[in-house]
Amino acid sequence: MKFERYGIGIAKGLRVTFKHLFRRPVTVQYPEQKLHMSRRIRGNELIWDKDKCTGCATCAKTCPQGVIQVITSVDAVENKYVVEKFEVDTGYCISCGLCIEACPYEALYMGYAYERAKYRREDVIQTNEQLLPSADRLRSGYMYPEIAAQLPRQTLLLERITEEEE
Amino acid sequence: MTLKTEPFVLNVGPQHPSTHGVFRMRATLDGEVVVDIEPIFGYLHRGIEKLAEERTYTGVIPLTDRLDYLSSMANNLGYCLAVEKLAGIPVPERAQYIRVIMAELQRIASHLIAVGAFLNDCGAFMTPIVYMIREREKILDLFDMVCGQRLTYNYMRPGGVSQEIPDEFLPALDKFLKQMPGWIDEYDQLLKENEILLARSKGVGTLSQELAISISASGPVLRGSGIKWDIRRADPYSIYERFEFDIPTGTVGDCYDRYRVRVEEMRQSLRILEQARQQIPGGEFRSKVPHLIRPPVGETYAHIEAPKGELGFYLVSDNSIAPYRCHVRAPSLLNVTALRDLMIGWKIADLILIFGSMDICMGEIDR
């Protein structure tokens, strides 16, 4: 164990650390300052389009976790299925997005919001009306490029740093 | 007068910040010197191989994300290659390029964490790893843009990728490719020649070539010992035979060599990315694949060069919609078998260092 070269390497390293003193921080103060999420974000909730849904339950069959439950009844007059219950246990959902990909009628969407913590465990299980889109339940552009185009552009750390240097 | 001494058994882990996960080592110490070590794992066992047997072929992909959670894209790629080989699914040209771009970005991201954690274990507390996490964050931003998730991507599918890359991806990739070499140079300046690092890691934990081969080590651990073995060259999968890149190797196989091999590999990955960026063609991003894949009866093994080594998927099909058997050849598990030979005779402080230089991911060891 020889201590060669009298610390030239350490001095070089400290130069890099010293340079960082004059760089602007890359972190943001989260609850006050928020970045735009990815347009394809898989937020932790599903959004269900009731009118488009036919109750085929392809999503339920595809779900690797088995969190989607679809109960249908037959409407004999109009000769079609009526969705009685569409239930998602978001507590078990791994946000893989396979249900969105599988839906043949474009009736399921990932949520754009990401702050969806609940206080009670019962609130995690969402049924029928709780799954519908609303003003604070925006749809994400995951698998839907046309929705993605309407969402704000994602903030990239890459660009924030380049802008400062240029 | 002689003092009577007896060996002291020290339990390192499972909840120890330097074991990179829930790894436990029962070290027998003679004073400060390690005389015996017994790795104990299984604390993160989730039964992924068994779970795979009751899911559809597509449904297994989210599980592979959770194997080596620092390189989910590579896991996805390995699994999808295995399914494609089994079912004979063609992959469009553009999808191949997207996959290579993702896999190489993932390699950089994984090596950044590996190098940062190693330097952290060396005693360069927090500064290098925070710098490297910042660079990794840019890659995660790119992944987030493409597939909407930062860690469990679930992006690749048998027969291509799940979605087309967004329009803003390639310009962002160009920016990344422009910036990243400078950042790697900066890391080199930061600690490559640091005297303390050299004193602590040169010659420590030397893995001989014979031992590396006999434990079937792979990845940077094997290449650090000076063996030029890279699956991307030895058995090219996807379209890797089209790219020009070198295989960096170490000389003696000590901790410092393994660290250098990882840094050099990041540069080589950038080279591949440049070429893939220029060559990427238009066209389909996914071939027509039935919703439920039913491969013919048979078995297959597909392997890729994941950031940590050779990642292999062994699949057996019985012509149903779920694999009959899915075995994962995890690089970390085989690399970790060298621990005992590497650590005996070294001090307790070197134990953490040697372990850090192996780049272990517990999600992959326990599965």
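Remarks
- Segment B:1-54 versus segment B:61-107: alpha-carbon centroid distance in Å: 33
- Heavy-atom accessible area order for B:T5, B:T58, B:T249, largest first, 1.4 Å probe: B:T5, B:T249, B:T58
- Sorted from greatest to least, the principal axis extents spanned by the alpha carbons of chain B come out as 81, 47, 33 Å.
- Amide H contacts under 5 Å for B:L29, placed H, 5+ residues apart: B:F8, B:V9, B:L10, B:V35
- Across peptide A:34-43, the mean count of Cβ atoms from other chains lying within 10 Å of each residue's own Cβ comes to 4.
- The charge dipole of segment A:52-122, taken about the Cα centre with unit charges on the Cβ atoms of Lys, Arg (+1) and Asp, Glu (-1), comes to about 200 debye, rounded to the nearest 20.
- Across B:G250, B:G148, B:G47, mean-square fluctuation computed from a Gaussian network of chain B (C-alpha pairs under 10 Å connected) peaks at B:G47.
- Inter-chain shielding of A:138-146 (mean C-beta neighbours from other protein chains, 10 Å cut-off): 2
- Amide H contacts of B:Y324: B:V316, B:S317, B:D318, each under 5 Å away and 5 or more positions distant or on a separate chain (H built 1.01 Å from N in the peptide plane; Pro and chain starts excluded).
- Pairwise alpha-carbon distances in segment B:255-367 exceed 24 Å for 52% of all pairs.
- Per residue, the convex hull spanned by the alpha carbons of segment B:1-71 comes to 103 Å³.
- Average beta-carbon neighbours from other chains, 10 Å sphere, peptide B:137-146: 5
- Highest average packing first - B:280-292, B:354-366, Cβ atoms within 10 Å: B:354-366, B:280-292
- Ranked by how many other beta carbons lie within 10 Å on average, peptides A:78-85, B:317-324, A:50-57 from highest: B:317-324, A:50-57, A:78-85
- Qualifying chymotrypsin sites (Phe, Trp or Tyr not before Pro) in segment A:82-166, DSSP loop, other Cβ atoms within 10 Å at most 16: A:Y92, A:Y105, A:Y114, A:Y119
- B:D30 versus A:H20: modelled label distance in nm, points set 7 Å from Cα along the beta carbon direction: 4.1
- Calculated [222 nm] ellipticity per residue, helices only, for chain A: -6000 deg cm²/dmol; basis is -39500 (n - 2.57) per DSSP H run with n ≥ 4, divided by all residues, nearest 500.
- Whole-Hz ³J(HN,Hα) from phi, Karplus 6.51 cos²θ - 1.76 cosθ + 1.60, for segment B:215-228, glycine and proline x: 8, 6, 5, 8, x, x, 5, 6, 5, x, 7, x, 9, 7
- Taking only Cα atoms of segment A:37-166, radius of gyration then Dmax in Å: 16.9, 68
- Whole-Hz couplings from phi, Karplus 6.51/-1.76/1.60, listed for segment A:76-85; x for Gly and Pro: 5, 5, 8, 6, 8, 7, 10, 7, 8, 9
- Solvent-accessible surface ranking, highest first, for A:W48, B:W229 at 1.4 angstrom: B:W229, A:W48
- Those residues of segment B:1-28 whose amide nitrogen sits under 15 Å from the label point placed on B:Y43, 7 Å along Cα→Cβ: B:10-27
- Restricting segment B:207-251 to trypsin sites (Lys or Arg not before Pro) in coil, as DSSP defines it, with at most 12 other Cβ within 10 Å: B:K228
- Note on segment A:1-107: with charges restricted to the Cβ of Lys and Arg (+1) and Asp and Glu (-1), its dipole about the Cα centre is near 1440 debye.
- Between the Cα long axis of helix A:8-20 and the first principal axis of chain A there is an angle of about 50°, rounded to the nearest 10.
- Each residue of segment B:243-260 was assigned a 3J(HN,Hα) from its phi angle through the Karplus curve 6.51 cos²θ - 1.76 cosθ + 1.60 (θ = phi - 60°); the sequence is 9, 9, 7, 9, 9, x, 10, x, 10, 9, x, 8, 4, 5, 4, 5, 5, 5 Hz, with glycine and proline shown as x.
- Label-point separation, B:D167 to B:H291 (7 Å along Cα→Cβ), nm: 3.2
- Charge dipole (debye, nearest 20) of chain B; +1 at Cβ of Lys and Arg, -1 at Cβ of Asp and Glu: 520
- Inter-centroid distance (Cα atoms) of segment B:285-352 relative to segment A:90-166, Å: 31
- Restricting the calculation to Cα atoms, every distinct pair contributes to the Kirkwood radius of segment B:265-305, found to be 14.3 Å.
The values are calculated or read from the model by the stated rules, or taken from the named source; none is laboratory data. Keep in mind the model is a prediction, meaning the values are calculated, not measured. Ideal geometry is used to build each Cβ from the backbone, glycine not excepted, and the neighbour counts take in all protein chains shown. Each accessible area value is taken on the protein alone, full model and side chains, heavy atoms only, with ligands, DNA and RNA left out. Shrake-Rupley method; radii C 1.70, N 1.55, O 1.52, S 1.80 Å.
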